[in-house]
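A.B. asks: Let me give you the structure first, and then I'll get to my questions.
The values are calculated or read from the model by the stated rules, or taken from the named source; none is laboratory data. What you are looking at is a predicted structure, and each value in this text was computed from that prediction instead of being measured. Don't worry about glycine lacking a Cβ; one is built from the backbone with ideal geometry, like all the others, and counts go over all protein chains shown.
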Amino acid sequence: MTPPPPGTDPFVERDRLRHQAYADDKPLAARASIYQYAAEPIDLHDRVLALLGEFAGGDVLDVGCGPGAYLARLGATGGRRVGLDLSEGMVAIARSVAPAASVLCGDAQELPFPSATFDAVMAPHMLYHLPDMGRGAAEMARALRPGGVAVVVTNGQAHQQEVADLVAGAADDLAPGTGRSRWVRFMERFTLEDGAAVLAPSLEVDHVEHYQGRLAVPEPAPVVAYVDSTRSLWEPRLPAGVTWPALMAAVERRVDRAIAADGTWRATVHAGAFRCRRKT
């Protein structure tokens, strides 16, 4: 399904992203906590930073830096570490966890830096929240020095599909016939399968990295917390007459049944990254 146009889509509304979805790091922490149940744990931060190669020691820009996890891993050695995020709350957290970095508030579609400023530019799990993703890619390319590297992190189409199916099923329990189409996920705007086309006008993809696995969650609470962390993005899509607390109760009932039948609630993990060069 094609998401609603920008301006009506909660996935790209600036105020919603800044003040609700990513006002602080609590929703991201709830989502991250579920990966403790991965059959084969992956240190995504280290794997992504490895794609920077030698450029990790140069001037690095983290676009959509969130709570600063990548900036903290980069540390203080080497060149400048710069983070940018739309959320003032995230900027404050990133400054505290990565004190050696310079972190500022701003829009990824209008990077406040001169052209050819950075040896490496990162965009971790954020491009799908831009109203104009192509413009965001063009800004990354503009900020990148010739010969530098851009790493754009996202998910595959199958990633956590079970979460969307769970929410759709729970909503249908409460409002039969409401349909799966309203539960398109925000990451579906830019996936590992189709994201190269978004980047192509400005960035040349030279490698696509895939990290795949499975989750097996033995209790409902982490799954419910994961879904609840997406409230500000999915609540506007609820069927008429269905409240978010009612939906969460229906989600928990479904997870309870799955665990009773199988011993765990299972989901697919498929994250990855595009490593790119600036087009000349």
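A.B. asks: Among the residues of segment 204-223, which ones are buried (at least 19 other Cβ atoms within 10 Å of the Cβ) and either in contact with a Phe, Trp or Tyr (Cβ under 8 Å, 6 or more places away or on another chain) or assigned to a helix (DSSP H, G or I) (or both)? Let's see the steps before the verdict.
C.D. replies: From segment 204-223, those buried (at least 19 other Cβ atoms within 10 Å of the Cβ) are 211, 215, 217, 222-223; that's our starting set.
If the condition is that a residue be buried (at least 19 other Cβ atoms within 10 Å of the Cβ) and either in contact with a Phe, Trp or Tyr (Cβ under 8 Å, 6 or more places away or on another chain) or assigned to a helix (DSSP H, G or I) (or both), then LEU215, VAL217, PRO222, VAL223 are the ones that fit.
A.B. asks: How many residues does segment 55-71 contain that are in contact with a strand residue (DSSP E or B) (Cβ under 6 Å, 6 or more places away or on another chain) and farther than 13 Å from LEU84 by Cβ?
C.D. replies: Qualifying residue count for the region: 3.
A.B. asks: Name the residue that is surrounded by the fewest Cβ atoms within 10 Å (Cβ to Cβ), counting only residues in segment 51-92 that are hydroxyl-bearing (Ser, Thr, Tyr) and modelled with pLDDT of 95 or more. Working first, answer last.
C.D. replies: Our first condition is that a residue be hydroxyl-bearing (Ser, Thr, Tyr); within segment 51-92, this holds for 70, 77, 87.
Those still in the list that are modelled with pLDDT of 95 or more too: 70, 87.
Numbers: TYR70: 25, SER87: 23.
That would be SER87.
A.B. asks: Take segment 145-198 and flag every residue that is among the aromatic types (Phe, Trp, Tyr) and over 19 Å from ARG253 (Cα atoms). Break it down into steps so the answer makes sense when it comes.
C.D. replies: Filtering segment 145-198 for residues among the aromatic types (Phe, Trp, Tyr) gives 183, 186, 190.
Result: PHE186, PHE190.
A.B. asks: Would you mind stating whether VAL198 is in a strand (DSSP E or B), within 30 Å of ARG142 (Cα to Cα) and touching a residue at least 24 places away in the same chain (Cβ under 8 Å)? If you could, list the steps in order and put the result at the bottom.
C.D. replies: Values: in a strand (DSSP E or B): no; within 30 Å of ARG142 (Cα to Cα): yes; touching a residue at least 24 places away in the same chain (Cβ under 8 Å): yes.
For VAL198, the condition - in a strand (DSSP E or B), within 30 Å of ARG142 (Cα to Cα) and touching a residue at least 24 places away in the same chain (Cβ under 8 Å) - is not met.
A.B. asks: ALA170: closer than 18 Å to GLU235 by Cα and crowded, with 21+ Cβ neighbours inside 10 Å, yes or no? So that I can check it myself, show each step before the final result.
C.D. replies: Numbers: closer than 18 Å to GLU235 by Cα: yes; crowded, with 21+ Cβ neighbours inside 10 Å: yes.
Against the criterion (closer than 18 Å to GLU235 by Cα and crowded, with 21+ Cβ neighbours inside 10 Å), ALA170 qualifies.
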